[in-house]
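Participant: Sharing a structure, written as structure tokens. Questions coming.
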Amino acid sequence: MQPVDHEPTGFADLLATDGVVEICELRSSFGFMAFHGGNLERLTDQIASEAAARSGASFYGVLQPTGLRRHLPSATVDPAASPALASFIDHCRVVVAMHGFGRRGWWTSVLMGGRNRDLATHVSDHLRRALPAFEILDDLERIPKNLRGQHPRNPVNLPIEAGVQIELPPRLRGLTPMAMHWPGATGRFPLVEDLITALADAASSWPLDDPVSG
């Protein structure tokens, strides 16, 4: 294993870095992904894994430890470097990949990229009902080009029916000061709970055929 202060140069190198955790849980042929999880795009893995568990969906995540924040372009997250990712892609018909972004003027925007536009509409409808204070953007022309998730090698587009790349602002991941000091009994900011519930409902109500394999 590479030490945590080593700067990974590619996906295989990242997976071999000390402290990096790769998770693959195969359930239904609907999948959730968070391959920029852990200390990188924080809470994306928790949101994706819990939405998957609640809906009986599959989950794939890569979690970076404290002290490491290595952002690899999505198109370089290659199944050839990971048997776990390859099995996940082969198993799932559609996926939802969770990402985090922060950009001035976009603090209440949720960006719905990826190549499965029917799924983007379906998930967007659930998010709009659950999160009325946020603008759910599923018109690709309104999303910055580098956040549209259209690259053919992006893992969100590799399953047989591709998927949706969701970019979440910090406040919807519970990363604002108010959210991080929320005094609720569960310790979870309500917006995060609403988001997970909406994602699970969207996955549960999406029509699926039998899994591709596995």
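Participant: Which condition does Leu85 not pass, out of (1) buried (at least 23 other Cβ atoms within 10 Å of the Cβ); (2) assigned to a helix (DSSP H, G or I); (3) out of contact with any Phe, Trp or Tyr (no Cβ under 7 Å at 6 or more places or on another chain), if it passes all the others?
Facilitator: (3)
Participant: Still on this structure: Considering each residue of segment 183-210, count those that are at pLDDT below 85 and crowded, with 17+ Cβ neighbours inside 10 Å, and give that number.
Facilitator: So the count comes out to 1.
Participant: When only residues in segment 102-158 that are among the β-branched types (Val, Ile, Thr) and buried (at least 19 other Cβ atoms within 10 Å of the Cβ) count, which is nearest to Ser58 (Cα to Cα)?
Facilitator: Here the answer is Val156.
Participant: Then there's this: Taking only segment 103-139 into account, find how many residues are among the hydroxyl-bearing types (Ser, Thr, Tyr) and touching a residue at least 24 places away in the same chain (Cβ under 8 Å).
Facilitator: The qualifying residues number 2.
Participant: I would also like to ask the following. Which of (1) in contact (Cβ under 8 Å) with a residue 60 or more places away in the chain; (2) more than 16 Å from Arg148 (Cα to Cα); (3) of a type in the set (Gly, Ala, Ser); (4) touching a strand residue (DSSP E or B) at 6+ places or on another chain (Cβ under 7 Å) is the odd one out, the single condition Gly38 does not satisfy?
Facilitator: (1)
Participant: For segment 15-58, give me the residue count where each residue is under 26 Å from Trp206 (Cβ atoms) and either buried (at least 22 other Cβ atoms within 10 Å of the Cβ) or among the small types (Gly, Ala, Ser) (or both).
Facilitator: Total satisfying the criteria: 24.
Participant: Has segment 129-152 got any residue that is part of a strand (DSSP E or B), modelled with pLDDT of 95 or more and over 17 Å from the mean Cα position of the chain (by Cα)?
Facilitator: yes
Participant: Ala12 - would you say it is within 16 Å of Phe88 (Cα to Cα), outside any loop (DSSP other than H, G, I, E, B) and at pLDDT 95 or above?
Facilitator: In short, no.
Participant: Here's something else I'd like to know. Report, by residue number, each residue of segment 9-51 that is of a type in the set (Asp, Glu) and in contact with a Pro (Cβ under 7 Å, 6 or more places away or on another chain).
Facilitator: Once the filter is applied, which keeps residues that are of a type in the set (Asp, Glu) and in contact with a Pro (Cβ under 7 Å, 6 or more places away or on another chain), segment 9-51 yields only Asp18.
Participant: Return only the number of the condition from (1) in a loop (DSSP other than H, G, I, E, B); (2) farther than 28 Å from Gly56 by Cβ; (3) not β-branched (Val, Ile, Thr) that Glu161 does not satisfy.
Facilitator: (2)
Participant: Regarding segment 26-40, can at least one residue be identified that is part of a helix (DSSP H, G or I), farther than 22 Å from Leu140 by Cα and of a type outside the set (S, T, N, Q)?
Facilitator: No, segment 26-40 contains no residue that is part of a helix (DSSP H, G or I), farther than 22 Å from Leu140 by Cα and of a type outside the set (S, T, N, Q).
The values are calculated or read from the model by the stated rules, or taken from the named source; none is laboratory data. Every value quoted in this text rests on a predicted model; they were computed, and no experiment measured them. Cβ: placed from backbone, ideal geometry, glycine included. Neighbour counts: every protein chain shown.
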